[in-house]
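**Q** The structure is given below, and queries will be raised subsequently.
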Amino acid sequence: MPVTRTAHPTRRQFCRTALGTAAAAFSFRFVPSTVWGANSRLALAGIGIGGKGASDIKGAVGAGFQVVALCDTVDTTKLDDKTGRLKGTAESRQAYPDAKFYSDWRELLADKSLDFDAVTVATSDHHHAHASIAAMRAGKHVYAQKPMAHSVWEARAMAKVAAETGVKTQMGNQAHAQDHMRRVVELIRAGILGKVNQVHAWTNRPIWPQGFDRFPDAEPVPAWMNWDAWIGPASHVDYSHHIAPFNWRGYWNFGCGALGDMACHIMDVAFWALDLGAPDSVKAEAEGGNEISAPINSTITYVFPARGDRAPVKFVWYDGQKGAKFEPKDWKLIPGEPNLPPKAIFEGIDTTEAKGYDCVFIGEKGKLFFNRGKNNWVIKPTSGLDGFKWPEPSVPRATDQNPYKEWRDAIDGKIPQAQSHFGQAGPFTEMVLLGCVAQRAPGKNLQWDGPALKIKNAPELQKLIRREYRKGWELNA
């Protein structure tokens, strides 16, 4: 069905008029959609429509958007998928048959016949910043999957462009919208543990191949794949099914490894509650990583300075599996034992990802164990609760604990921004991705100048903070 629209200028026309005045170069703000008619369904373009992209589009539709365009480098009308990996991509095309289809998001954004309000971006990591910034520059509201960027500089640039354009943004770390996470943020800020000086967080990822030291052998590009568009801003490599559609996360050229995949979920509550900002230093111990691939496992220690009356914080991240090995014959990872914090940290708490906890705060009065997938948390010792004054709610709650509805509420002007907007998610993503830089130089304690985006004691790694792009894909930030 066509989108119901009220009689008003298109957002493209509005942006063109605003941008045409010298004073409005980057200072204008888009009029909230309540002015356009909040009862009409906002038009959405989905960039990346399989896997998480499919669920993002579905979530946006449930929040009141209507899909008018889809973009993916996989054209399912030509697809012969024997792996089942592209099921979600095919289902998205079937679910929205009237949506105009593109295989390159640049063509979508350049199509002047297409009028829409917002985009979801759920590509591989190396396209996140490029597609999101181009969409924001075009006046589109953006919901971008985590990590919102592929490099530290890109995360800074995305937050900058979001502020300049005034569009409504959201990073796809969904648990940020849940009441139980927001309550824990309030409790930590209210001093339930006293001053927090340590945080430990962990994941069982990667579950895809990492630790290889070469790219896979070249294969013919399938008829259904726009490989040049998929490579996009990254340096060119030949197609292989060992890279796309699923295993790209293990390649630095395209992904950010297990840290980039999961830390934006698991480290989120602590970064938010403690208002951590930029670390002073970060050091990684890692096995199996190299210039091509993220490591098989790593332990990363971030050190944050005191912030006002808050204590300095040591934040330790654990990923992967000890003793795991990459098997080149089948291009797969053979599992080992989980890489976890020392047993003394847990005090008997179950540590398996399905049943246990993925983050623990340590403060003056004890420990708080938190799992983003559960609506309860554990304090040890419970005597630390004696005399604690429970704070009133202070963090706004998301409608139905739903990140897509929160994003829509921001677009409609009901709230200023979703809580995981790029102004919040950008600095957080910078911190996470700085760990990816440390993984490339294991054992070296990197001294970080956050405002300047500079590694003070390792200038040879500066190229990883802002990488070069393939010709024709330069980033307008």
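Here, each number is a calculation from the coordinates, and none is a lab measurement. These numbers come from a predicted model, not from an experiment. All Cβ positions, glycine included, derive from the backbone under ideal geometry; neighbour counts span all protein chains shown.
**Q** Strictly over 31 Å apart at the Cα level, which of K58/K283; K160/K463; K389/K456; K367/K454 would you flag in this model?
**A** Details: K58/K283 39 Å; K160/K463 20 Å; K389/K456 43 Å; K367/K454 34 Å.
Pairs exceeding the cut-off: K58/K283; K389/K456; K367/K454.
**Q** Among P295, A311, G172, flag the residue with its Cα farthest along the positive direction of the charge dipole of the chain, charges on Cβ as +1 for Lys/Arg and -1 for Asp/Glu.
**A** Result: A311, furthest along the dipole toward the positive end.
**Q** While we're here: With label points built 7 Å along Cα→Cβ from the Cα atoms of Q447 and F215, find their separation and express it in nm.
**A** Calculated label separation equals 3.7 nm.
**Q** With n ≥ 4 as the cut-off for DSSP H runs, can you work out [θ] at 222 nm for the chain, using -39500 (n - 2.57) per run divided by the number of residues, rounded to the nearest 500?
**A** After summing the helix terms and dividing by residue count, I get -7500 deg cm²/dmol.
**Q** Sticking with this one: Got a sec? Charge dipole of the chain, +1 on Cβ for Lys and Arg, -1 for Asp and Glu; which of A229, A410, L333 is way out at the positive end?
**A** Result: A410, furthest along the dipole toward the positive end.
**Q** Please name which of N197, L187, S113 has its Cα lying farthest along the dipole of the chain towards the positive end, using unit charges on Cβ (Lys, Arg +1; Asp, Glu -1) and the Cα centre as origin.
**A** Working it through, the farthest residue towards the positive pole turns out to be L187.
**Q** Please report, ordered by residue number, every helix of the chain (full DSSP H runs) that is 18 Å or longer along its axis going by C-alpha atoms and whose mean Kyte-Doolittle hydropathy reaches 0.5.
**A** 422-439
**Q** Let me ask something additional. Between the stretch 185-201 and the stretch 344-372, what's the alpha-carbon centroid distance in Å?
**A** Measuring centre to centre over Cα atoms gives 13 Å.
**Q** To continue, here is another question. For the stretch 151-251, with only Lys/Arg (+1) and Asp/Glu (-1) charged at the beta-carbon, what is the dipole magnitude about the Cα centre, in debye rounded to 20?
**A** Values: 10 positive and 9 negative charges, 153 e Å.
The dipole magnitude comes to about 740 debye.
**Q** Would you work out if the chain is rounded, prolate or oblate? Take a ≥ b ≥ c from the square roots of the eigenvalues of the alpha-carbon gyration tensor; rounded if a/c is under 1.5, else prolate when a/b is larger than b/c, oblate otherwise.
**A** Working: a/c = 1.64, a/b = 1.21, b/c = 1.36.
Oblate, since a/c reaches 1.5 and b/c is not below a/b.
**Q** Now for a separate question. What percent does the relative contact order of the stretch 271-388 come to when contacts are Cα pairs within less than 8 Å and at least six residues apart?
**A** Reported as a whole number, the value is 12 percent.
**Q** Given an 8 Å cut-off on Cα distances and at least 6 residues of separation, report the relative contact order of the chain as a percent.
**A** Once normalised by length, the contact order is 20 percent.
**Q** Roughly how many debye, to the nearest 20, is the charge dipole of the chain about its Cα centre, given +1 on each Lys and Arg Cβ, -1 on each Asp and Glu Cβ, and no other charges?
**A** On the way: 58 positive and 50 negative charges, 177 e Å.
Dipole about the Cα centre, nearest 20: 860 debye.
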